Protein chains: 2
Amino acid sequence: MARLSPGDTIGILGGGQLGRMIAMAAARLGLKCHVYCPDAASPAFEVAAASTCAPYEDEAALAAFAEAVDVVTYEFENVPDTTAAVLAARVPVRPSPESLRVCQDRLTEKAFLSDAGIATAAFRKVDSLDELEKALGEIGTPAILKTRRFGYDGKGQTMIRTAGEAADAWEAIGKAPAILEAVVPFALECSAIVARGVDGETAVFDIADNRHENHILKFSRVPAPIAPETAAKAADIARRIAGALDHVGVLAVELFVVRDGDAETLFVNELAPRVHNSGHWTEDACAVSQFEQHVRAIAGWPLAIPRLVSEVEMENLIGADAERWADILAEPGARLHLYGKGETRPGRKMGHVNRLASPNGRFGTSPKRPL
Amino acid sequence: MARLSPGDTIGILGGGQLGRMIAMAAARLGLKCHVYCPDAASPAFEVAAASTCAPYEDEAALAAFAEAVDVVTYEFENVPDTTAAVLAARVPVRPSPESLRVCQDRLTEKAFLSDAGIATAAFRKVDSLDELEKALGEIGTPAILKTRRFGYDGKGQTMIRTAGEAADAWEAIGKAPAILEAVVPFALECSAIVARGVDGETAVFDIADNRHENHILKFSRVPAPIAPETAAKAADIARRIAGALDHVGVLAVELFVVRDGDAETLFVNELAPRVHNSGHWTEDACAVSQFEQHVRAIAGWPLAIPRLVSEVEMENLIGADAERWADILAEPGARLHLYGKGETRPGRKMGHVNRLASPNGRFGTSPKRPL
């Protein structure tokens, strides 16, 4: 089915906050959602018309799910290959399993970018301590050793400051298939969120300036304090990547901005073939949210114009941060989003708040918050 | 319970589009919703964490529902008295059954407004043809005969142009307990949507200019083309009514604007003790939607500042109008909302579209649409 109609059903793999927000955007457009997730306490189940709670390896459950939906999408890139294959044999999977294959392995992803002529940090494949030592000789230190798969929020990676730390680092990541990457001396970390439609049409949101704490995204600010030409280049890179992947849906491109005097150079850090935490500001400060844009793309519908409506700062509410909900509700210009997760744990993303610039250009009004 | 916490559950009586949009606003704030509706095909069921499909008279189902939720609200004012009483004995009902009692009977409502010193059309109680003829003698023609209860979208009412039409009119409304109202020679029909918190705090949205077709709301335009003083008076009337009702939640006040030269005079037409179709523009053109504001109020949370973000025109998609969904999706500046109703019927509200003013002050870009 090339194009969905209102009343059709989107299948979503993964029941976390991203799936939840996709489901709500779809519901607003008259689409039904069916969420598939092995976790019975999935936040997305609460806003979906139907749900399947089963392992990703349960082929019978997957087949029934495929039968019940008109298109399948996902909220995370670590969808097992066989899961994607079982589904893709029965129903359109958007973005395609190829986007998954490229993006769920850091080495494949970097090689893809390199082949596409897009600048990244220098990198080497590492499958053994010998290879790691050889790679360190070529790339130098400091460098970062990362597992090829299943890393997120700083997990599965370790910094190597001197060649002598190689053995410890190899041990630290569990001797898993890995990639060694040069450290990029960036001034800023940014992201470009692009949507690409079934017909190849693309639309890029304004570039976000992302600040991390403890390897977890804490703030995104839009517009990013970069030159307009740099922003245009970032958007162009995102469009090229989406095109090279023949991607359908939203794709997040994380970039490093390196400064040398007034010159700004971009290096792609990593890709996420899905809606992304650094695009959460779009829900309140843009004419269309990344979630709606993703739904439009995978439904075969036209994309909306992602016009920035207000300067905005997104703050992730991580762990105990969410206990500030009552203060945030009372803060003028703040838009609170909570994910309905039952248990607060350190490092767990519980919600976020979008603070819109007031007419005088300040975000929110909390006197305590530094800008 | 005076104040809800994230994770608590709102019970919603009624599973139509209003309940659906309340549920989505609640979910965004980390609240769960439990929708109670006798209709198995209720659109709100699809976005709610829990649902009960049972008659409003089923006291056992109501008791179980009350047990499962932390507060009860409703999307329609015709909640049966006993339903409200059964629930209110077990759990806070917001707005209170008193708001229901006043607003579900046109005579009680007009008498309440009159007692509160708020101008309305002249009206008389009509329980017989004799009373109708007497009332026509006092009020004159043209006048409108309306059933006291269960009227909406022009149903249960008939225009009387000459005294000779009395008997036919009395027949036409089924000889039900009724009210005769003078016709107000209005220049505009407007509405003021007010939210009132548990602590008596109020916030009024910008006044909407409402245009009806076939007695059904078709367009709301904001800001309304009335004098700033008139808008302030309308807001003040809405606040006074909410206060006099000790209302908690959103309340819609429909008003007639009568013009005499430059002078504008307001008459209250009717009240709805709930979120209202003429407030749907708030979802895309205001810093807070009427649905979130209602959730905040009934949760015992602070109200948000209902700052208008853009001029806007809301168009109801009635019956076959919704078949234009693909054109609307392609229209810049248009925000489509579809309710997920399975069956299209003439006169049925299928969705709406909010068209935001572009920087040059025009709504949307469709060349065919008159402004």
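A few comments on the model shown:
- Solvent-accessible heavy-atom area per residue, rounded to whole Å², over the protein assembly as shown at 1.4 Å: 38 Å²
- The distance between label points at A:T141 and A:E229 comes to 3.8 nm (points 7 Å beyond Cα on the Cα→Cβ vector).
- In the stretch B:4-106, Cα pairs under 8 Å separated by at least six residues give a relative contact order of 27 percent.
- Within the accessible area of the protein assembly as shown, the carbon and sulfur atoms contribute 51%, probe 1.4 Å, all protein chains present.
- Loop-located chymotrypsin sites (Phe, Trp or Tyr not before Pro) in the stretch A:125-188 (DSSP state other than H, G, I, E, B) with a sparse environment of at most 15 neighbouring Cβ atoms within 10 Å: A:F150, A:Y152.
- 7 Å along Cα→Cβ, label-point gaps from A:A50 to other copies, nm, shortest first: 2.4
- Interface size A-B, as summed buried accessible area [1.4 Å probe, Å², nearest 100]: 3100 Å²
- Remark: spin-label model distance A:D58-A:R149 equals 2.2 nm, labels positioned 7 Å along the Cα→Cβ axis.
- Available extension along the chain between A:D327 and A:I216 is 37.7 nm, counting 0.36 nm per residue and deducting the alpha carbon span.
- Label geometry 7 Å along the beta-carbon vector: B:R211 inter-copy distances in nm: 4.7
- B:L356 accessible area, assembled protein chains, probe 1.4 Å, Å²: 20 Å²
- Occluded residues from the stretch B:331-348, i.e. those whose accessible area drops by 20 Å² or more once the chain is not alone (1.4 Å probe): B:P332, B:R335, B:L336, B:H337, B:L338, B:G340
- Relative contact order (%) - chain A, alpha-carbon pairs under 8 angstrom, separation at least six: 14 percent
- Within the stretch B:140-223, the trypsin sites (Lys or Arg not before Pro) that combine a DSSP coil assignment with at most 14 other C-beta atoms in a 10 angstrom radius are B:K155, B:R161, B:K175.
- Within the assembled protein chains, the solvent-accessible surface assigned to B:S96 is about 40 Å², based on a 1.4 Å probe.
- Counting from the shortest, the label point at A:L308, 7 Å from Cα toward Cβ, is 2.6 nm from the same position in each remaining copy.
- The mean sequence distance of close C-alpha pairs (under 8 Å, at least 6 residues apart), as a share of the length of the stretch A:122-182, puts its relative contact order at 50 percent.
- Value of [θ]222 nm, deg cm²/dmol, for chain B, DSSP H segments ≥ 4, -39500 (n - 2.57) each, nearest 500: -7500 deg cm²/dmol
- Applying 1/(1 + (r/R0)^6) with r as the Cβ-Cβ distance of B:D236 and B:D8 and R0 = 51 angstrom yields a FRET efficiency of 0.95.
- Low-density loop cleavage sites - trypsin sites (Lys or Arg not before Pro) in the stretch B:1-36, where at most 13 other Cβ are within 10 Å (DSSP): B:R3
- Distant-in-sequence amide H partners of A:G11 (H built 1.01 Å from N, under 5 Å): A:H34, A:D70, A:V71, A:V72, A:T73
- Bins of 5 Å, starting at 0 and running to the largest distance - Cα pair percent for the stretch B:165-275: 2, 11, 19, 19, 17, 14, 9, 6, 2, 0
- Virtual paramagnetic centre 7 Å along Cα→Cβ of B:L129, amide N under 15 Å, in the stretch B:168-194: B:168-176
- Heavy-atom accessible area order for B:E109, A:E343, largest first, 1.4 Å probe: A:E343, B:E109
- At least 50 Å² accessible surface lost relative to isolated chain, residues of the stretch B:39-67 (1.4 Å probe): B:E46
- Area accessible to solvent at B:V194, 1.4 Å probe radius, in Å²: 0 Å²
- By the Kirkwood approach, averaging reciprocal distances over each pair of separate Cα atoms, chain B gets a hydrodynamic radius of 21.3 Å.
- Think of each Lys and Arg Cβ as +1 and each Asp and Glu Cβ as -1; about the Cα centre, that makes the dipole of the protein assembly as shown roughly 420 debye.
- Most to least accessible of B:V353, B:V198 (protein chains only, probe 1.4 Å): B:V198, B:V353
- Taking all protein chains together, A:S99, B:S51 sort by accessible area into B:S51, A:S99, largest first [probe 1.4 Å].
The values are calculated or read from the model by the stated rules, or taken from the named source; none is laboratory data. Computed from a predicted model, the values in this text were never measured in an experiment. Glycine gets a Cβ as well: all are built from the backbone with ideal geometry, and neighbour counts include every protein chain shown. The protein model used for the area step is the full one, side chains on, heavy atoms only, and it has no ligands, DNA or RNA in it. Shrake-Rupley method; radii C 1.70, N 1.55, O 1.52, S 1.80 Å.
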